[in-house]
Amino acid sequence: MRITPQISVFTWKKENCGQVVLDRYCKGNTWGILLTLPSTEQLHDDADLLNRGDLVSSARILAAGQIAASKAALDAAESIAAGAKAMANTIREGGVLHYAAAGSSGLMAAADAQELGGTFSIPTAQLRIHMAGGLPTGAEMPGGVEDADDGLQDALGSVQARDTVITVSASGSTPYTLTASRLARAHGATVIGIANNAGSPLLQDADIPILLATPPELISGSTRMGAGTAQKIAMNMLSSLMAVELGHVHSGMMVNLRADNDKLRARATGIVARIAKVDMTKAQDALDKSKGEVKPAILIAAQDLSLKHATARLQATDDILNAALAQET
């Protein structure tokens, strides 16, 4: 089921192009949308001020630009919540979350995907990252790769209807990302499209379009800035709300974390102690019995259950800790 973008679509006239733009922005009918200079390529009204004052003044202007851009995620809350629900359904059904993007959008997408295992114990088998040119290992990120779709046909060839594919592009017209979106739809997967330009092809193609209507960049076209900030916020929201829907967040605590270092083991002990209302020694003992799993450890500590009974209780309540704690012992 598709949802309608929350902000109206702008249609641009070809004759208004005026200045030289990338071909894909100004070539008449671009997949059904007439585009000229998109908002992500326009000049910000305050851009000229960056060169007029000292660096502290310029820093304040840049910070204000980031804050203004962040509002776009708040305006898209309804669409983001719909995307999070789709992602949660995919995880419940044993499907795969695919992140597909290029350039700085790809780095944002990859960062979100790579956090989900440690923070919420989402199995790595249920996560895939597709970045144009592959994940960079050095400081160079060639721009040309975003105009190709090398390897996508094979990479997305196993996509199923229960999967969700999150596509991200500031312009909403990146060829690599658009190809990923169309391949995913051809396989019946749910497509979440995140873009910063209203009316862009990526939003039109998506089942769940998320328009992040950010202002023009203070450094024109540098979408790692305001657009990237809004993308990062939106993806933080998507994955965090997915975790809430799955029951992996309890009273603001990550109760499904993978505690695989000293910092996280200490955090897990504190979470068990706080929710079960026991001291740290008893919390650590419960975690030892649960082999490091936080939710069963909370039930063990709070209600003196065995690991077997704690696990069964969670299974009976769809892994929702509140419901498991509310059951009679």
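Bear in mind these aren't lab numbers, they're just calculated from the coordinates by the rules spelled out. Treat the numbers as computed from the prediction; the structure is a model and nothing was measured. Note that each Cβ is placed from the backbone with ideal geometry, even for glycine, and that neighbours are counted across all protein chains shown.
Key figures
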quantity: GNM flexibility winner over the chain from S158, S169, S200 (Cα, springs under 10 Å); calculated: S158
quantity: FRET E, pair Q42, E115, Förster distance 30 Å, beta-carbon r, rounded to 0.05; calculated: 0.40
quantity: Candidate aspartates and glutamates - alpha carbon under 13 Å from K232, same-chain residues fewer than 8 apart omitted; calculated: D112, E115
quantity: Footprinting exposure proxy for D205, D48 (fewest neighbouring C-beta atoms within 10 Å first); calculated: D48, D205
quantity: For L50, net neighbour charge (Lys/Arg +1, Asp/Glu -1) across residues whose Cβ lies under 15 Å away; calculated: -3
quantity: Mean projected area (nm²) of the alpha-carbon convex hull when segment 224-329 is viewed from all directions; calculated: 7.4 nm²
quantity: Segment 14-246: antiparallel DSSP beta bridges as a percent of all, rounded to 5; calculated: 10 percent
quantity: Three-way shape label, the chain, alpha-carbon gyration tensor, a/c 1.5; calculated: prolate
quantity: Relative contact order for segment 249-326, counting Cα pairs under 8 Å that sit 6 or more residues apart, in percent; calculated: 23 percent
quantity: Charge sum, other residues only, whose C-beta stays under 15 Å from H250's C-beta, Lys/Arg counted +1 and Asp/Glu -1; calculated: +1
quantity: Full-extension gain in nm, K263 to A326, via 0.36 nm per residue minus C-alpha separation; calculated: 19.7 nm
quantity: Viscosity 0.692 mPa s, 37 °C: Kirkwood-radius Stokes-Einstein D of segment 78-202 over Cα pairs, µm²/s; calculated: 227 µm²/s
quantity: Dipole magnitude of segment 249-326 about its Cα centre (Cβ charges: Lys, Arg +1; Asp, Glu -1), debye to nearest 20; calculated: 80 debye
